[in-house]
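Inspection log for the structure reproduced underneath, given as structure tokens.
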Amino acid sequence: MSGSSGQGMCNSGLPRFLIGSEVGKIRELDDADMRNISGSYGEDEEEDQSERQIVVGICSMMKKSKSKPMTEIMERLCKFEYITVVIFPEEVILNEPVEKWPLCDCLISFHSKGFPLDKAVSYAKLRNPLLINDLNMQYFIQDRREVYRILQEEGIDLPRYAVLNRDPDRPEECNLVESEDHVEVNGEVFHKPFVEKPVSAEDHNVYIYYPTSAGGGSQRLFRKIGSRSSVYSPESTVRKTGSYIYEEFMPTDGTDVKVYTVGPDYAHAEARKSPALDGKVERDSEGKEIRYPVMLTAMEKLVARKVCLAFKQTVCGFDLLRANGHSFVCDVNGFSFVKNSMKYYDDCAKVLGNMVMRELAPQFHIPWSIPMEAEDIPIVPTTSGTMMELRCVIAVIRHGDRTPKQKMKMEVRNALFFDLFEKYGGYKSGKLKLKKPKQLQEVLDIARQLLAELVLHNDCEIEEKKSKLEQLKTVLEMYGHFSGINRKVQLTYLPNGQPKASSEEEDALKEGPSLLLVLKWGGELTPAGRVQAEELGRAFRCMYPGGQGDYAGFPGCGLLRLHSTYRHDLKIYASDEGRVQMTAAAFAKGLLALEGELTPILVQMVKSANMNGLLDSDSDSLTDCQQRVKARLHEIMQKNKDFSEEDYNKLAPTSSPSLVNSMRVIVNPVRTCDQVHTLIKSLTYQICKRLEDPKSADLQLYHSETLELMLQRWSKLERDFRMKNGRYDISKIPDIYDCVKYDTQHNSSLNLEDTLELFRLSRALADIIIPQEYGITKAEKLDIASAYCLPLVKKIQLDLQRTHEDEAVNKLHPLYSRGVMSPGRHVRTRLYFTSESHVHSLLSIFRYGGLLDDQKDEQWKQAMDYLSAVTELNYMTQIVIMLYEDNNKDPSSEERFHVELHFSPGVKGCKDEDNAPMGFGFRPASSENHEKQTNPGSLEDLSQDEPDRAALTEPINIQRKSPLIRNRKAGSMEALSESNTSSRGLAYRIFPSTSRQSPEIKPSGLGFEGCSLVPSIYPLETLHNSLSLKQVDEFLTALCKNGSEAQFKRLKSLSAMFESHSQPSIDVDSPETPVSIPVQLNQPAAQPLWYTSGPSSTVSSAGPSSPSVAEPSSNFGFNNE
């Protein structure tokens, strides 16, 4: 905000603290001061009032008025052209009569230790200024009994409590009976643990008493002293002097939530470690108490509004306890500011400044216009020219850049593995994930035991390959311990053993059941991945409307304002992979302008969605269709001859340009694999030579990797890629491409020979293998896609449906929501972070599921052509669905709700710039409106109001010399090139793209010029922008129905398989169940989804934190989040 030049703001940039603005330099006010600051107060009405200033007086103890938060906010408040801030000197407040206090038009005054509240009340009666915080109510805030009484009267939840008044005049309120593990206060029984609070809010000596079963004693809380906020005491008896409130102890998992309001429609919330936990104050490197950003629920937002209004405190802090699914207010502190949040300082000054100007500017004839009401509802123009309200944003996003994933598969038949499989319930679902240290230790013990038996008895019946067992043992022994390392073992039951990879291997198969053991390690999110996600989150704000009036010129301010003023309903889901969860946290940090480390953001804001396959999938447990597809792929790619016309028809029946181009690069698959294998051998040889060189042996590569670890990666690929029979293991191609892509980007300074050639060839192979593993024909692609992401499709449909159902309440302006049990929401955002398999599958559903006919719809045909040219769904790939509502259309009309579908292939590859496919931009103009717009789809023409500028700060790019790849084109959110900028001097980019170094660059003697620069991200491209909600809903309904029938057949066959094995039948209620449960839609009876029947009387409050299976039936249940 400090750089604002919005309407009503001062351009000088210098705060005007006229009195008492510097510690130690306070002087007495004279008559001239009074006249200069406050005018004549009507004594000279003919005086020109054009220079009249609105004076905001700060009347508090100097420690408070000179605090950093107050200074930061007042400096920003002075940016308003007609506002001057005056700080009342403490000497004047304490020693002078109120008649001699400075004059002001608006008073910010609040009580703290030593402050003469009575005098402030007298001053307010004398001068009658606008009060930001009511003064009389501050007497009540000093008494916890009054605070609790007011909260109760307002219907705000608070812990069960009783008051013990040791007042001789009221003996009936002083009945206390104390027992070993409970107290009885005036007939109300409180079992330990309970809380004992002094009735005076100024007394912070709060005690918590523990039951004898937990060791007894008490925790004694006090105002923070250094690094402590409480201490344990063995004393178990309650205090016998003084009056107290006794209340039930609320289990909060060790965190308290502090909420700070600025008026009834704005609140900032932070969590901190509860002082009751161990009394140790968590502080950061700068010595400040660590606080975590918190998302308030809908009901908590209503509570914040009620507290602000009930206590008549515009700026008000209060404490929330979250326990047992509910939120309870346990303390109201009155005037208090957030510490160390620039965003809060900006917002607070903005809200206070607008409040002061709205109330006082008219009476002083100051030319100030109220910020546009359009800001209250997120109205945007559609691509066809009409104005619509943004209602919902749904995005499915792949994780960011990661270290190479490494994987080893082996078929096991030893009884020890079957025993382990049974021990952890593997037979319930046919598969098992082992991630806990104890479980991984058991696997390691089995590997060690089998290897020992192999040494003693060479002819023993251990069918596991010795080399695989040794690799299993080596990986599990890495680092010396299991905690915090990305390793896991997956076991999958195979009733008839490992299926054949090709027709020639059929004879080698063994009879009987086996287990497929998959060992995975690596795959951690890199520093570059964190930067990518945070930058994308920051850029994502710009898709939201806003930025009118005072907010013009601030990138993404529309979203931040929506979010801070309760009109943004945000939920972030992530699969259970660490890299996915950290990507979600980094994205949230950028999206919401949060500060600090990712871990607390992850804990507070990212919901784990690892149930029902919503975002997780076991790619090693393939469907029958996928097994057949892989077998065909292997067969085609094992032919030592040039691709024939028949091969093109077999491998690329969809005639995808990206596939055809890759096949042309490869020509002969076996010969290309020979070249790749030779290049890998060359690479490992070069790394070995570097290791022998003393100068580079200890060289530390990107993300703390060593040359030795790099050699292990490549040596394993060299061994595994070419099998003993001379054939190539095609399944290793994605891993080879993964590794060379990583080293090309992050370790290019090693200057290893032929790396780029290896990158080119392995990429061509991967561009065939990876997408075609998800189906070769359209029917196969749909079948496999349904198996992966049917639950996610169902959840997306519910997201759109819930937005519609909440429609009546969403329109309720916060100013009129008093008494409504759920506050209104304007924009619903659902973000789903997942892995490559879900992104491929969801895109296949939209491409091949029959959403539109590309022969009849020109825009869809162009979109399909664009998608066919995309070679890779790279890190940070996004599929975005946006729902709009046209309030001018009849509620029952199909035209009422409008859906747009957008896509970005994510991060730009190393050599993408020459052959990158060109889309048609973000939200281009539709054909029927094409002639009406001079620059169709351009953001400059979106509105007469200034739009939000896209985030232009710190664009990111992998190569310093590479130019921005696009020239300006209509409708593109990335409308920037080196030679062409807007005539208005503006450059709009939904995703920025200049160089930015990641946090972990460690220079060495070899030099790391550009080695860890973060690649830029392709802009969003619109696939279609004129879909109706009815179209989308019917498409998803049909898809879910067809997918459910197919998955029901799989479920039956799987159940039959286990029955034949005489094991317990599949338990669809188990959280480990990987089989997607058939989905049936729960449509509202009689009326279609897009129908509106008038205001709804109730709105569901927030449900559980993640989707879950409701019943062991064929219905798939989600909550309304």
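The values are calculated or read from the model by the stated rules, or taken from the named source; none is laboratory data. Owing to the predicted nature of the structure, the values given are computational and were not obtained by experimental measurement. All Cβ positions, glycine included, derive from the backbone under ideal geometry; neighbour counts span all protein chains shown. All accessible areas refer to the heavy atoms of the entire protein, side chains included, with ligands and DNA or RNA removed. Shrake-Rupley method; radii C 1.70, N 1.55, O 1.52, S 1.80 Å.
For this structure, a couple of remarks:
- Filtered residue count, the stretch 71-80, keeping only those that are in contact with a strand residue (DSSP E or B) (Cβ under 7 Å, 6 or more places away or on another chain) and either surrounded by fewer than 18 Cβ atoms within 10 Å (Cβ to Cβ) or in a helix (DSSP H, G or I) (or both): 2
- Selection of the stretch 413-443 for residues being in a loop (DSSP other than H, G, I, E, B) and either open to solvent by 60 Å² or more (accessible area, probe 1.4 Å) or within 22 Å of E577 (Cβ to Cβ) (or both) yields Y424, G425, S429, G430, K435, K436.
- Tabulated pairs, the stretch 630-643, first hydrophobic (A, V, I, L, M, F, W, C), second open to solvent by 80 Å² or more (accessible area, probe 1.4 Å) and part of a helix (DSSP H, G or I), C-beta under 7 angstrom, 6+ apart or interchain: I636/K650
- Residue match in the stretch 707-723 (condition: over 28 Å from L651 (Cβ atoms), open to solvent by 20 Å² or more (accessible area, probe 1.4 Å) and without any contact (Cβ under 8 Å) to a residue 12 or more places away in the chain): yes
- When the residues of the stretch 111-122 are filtered to those that are touching a helix residue (DSSP H, G or I) at 6+ places or on another chain (Cβ under 7 Å) and free of Cβ contacts under 8 Å to residues at least 24 places away in the same chain, the one that is least open to solvent (accessible area, probe 1.4 Å) is L117.
- Residue check: M355 meets all listed conditions (1) open to solvent by less than 10 Å² (accessible area, probe 1.4 Å); (2) out of contact with any helix residue (DSSP H, G or I) (no Cβ under 9 Å at 6 or more places or on another chain); (3) of a type outside the set (D, E, K, R); (4) part of a helix (DSSP H, G or I) but one, namely (1).
- Residue in the stretch 247-264 that is more than 30 Å from K343 (Cβ to Cβ) and in a strand (DSSP E or B) present: yes
- A single member of R223, R149 is modelled with pLDDT of 95 or more and open to solvent by 50 Å² or more (accessible area, probe 1.4 Å), and it is R149.
- The lone criterion from (1) at pLDDT below 90; (2) touching a Lys or Arg at 6+ places or on another chain (Cβ under 6 Å); (3) open to solvent by less than 30 Å² (accessible area, probe 1.4 Å); (4) among the charged types (D, E, K, R) left unmet by E463 is number (3).
- Of all residues in the stretch 55-70 being of a type outside the set (A, V, I, L, M) and over 16 Å from F115 (Cα atoms), the one that is most open to solvent (accessible area, probe 1.4 Å): K68
- Check on R690, touching a Ser or Thr at 6+ places or on another chain (Cβ under 8 Å), among the basic types (K, R) and touching a residue at least 24 places away in the same chain (Cβ under 8 Å): yes
- The criterion of at least 1 residues that are modelled with pLDDT under 90 and touching a Ser or Thr at 6+ places or on another chain (Cβ under 8 Å) is met, among helices (runs of 4 or more DSSP H) falling completely within the stretch 726-817, by 778-805, 807-810.
- Among the conditions (1) closer than 22 Å to V262 by Cβ; (2) open to solvent by 30 Å² or more (accessible area, probe 1.4 Å); (3) not polar (S, T, N, Q); (4) not in a loop (DSSP other than H, G, I, E, B), the only one that K125 does not satisfy is (1).
- Those residues of the stretch 162-202 which are closer than 25 Å to R223 by Cβ, open to solvent by less than 50 Å² (accessible area, probe 1.4 Å) and of a type outside the set (A, V, I, L, M, F, W, C), in sequence order: N165, K192, P193, E196, K197, P198, S200
- Exactly one residue out of I93, I132 is touching a helix residue (DSSP H, G or I) at 6+ places or on another chain (Cβ under 9 Å), surrounded by 18 or more Cβ atoms within 10 Å (Cβ to Cβ) and more than 25 Å from A310 (Cβ to Cβ), and it is I93.
- Yes/no for I108 being open to solvent by less than 10 Å² (accessible area, probe 1.4 Å) and within 37 Å of the chain's Cα centre (by Cα): yes
- Selection over the stretch 875-903 of residues that are open to solvent by less than 30 Å² (accessible area, probe 1.4 Å) and in contact with a helix residue (DSSP H, G or I) (Cβ under 9 Å, 6 or more places away or on another chain) gives a count of 18.
- Criterion applied to D48, D31, D118 was being at pLDDT 95 or above and of a type in the set (D, E, K, R), and the one residue passing it is D118.
- The stretch 128-172 - residue that is hydrophobic (A, V, I, L, M, F, W, C) and assigned to a helix (DSSP H, G or I) and, of those, nearest to A201 (Cα to Cα): I141
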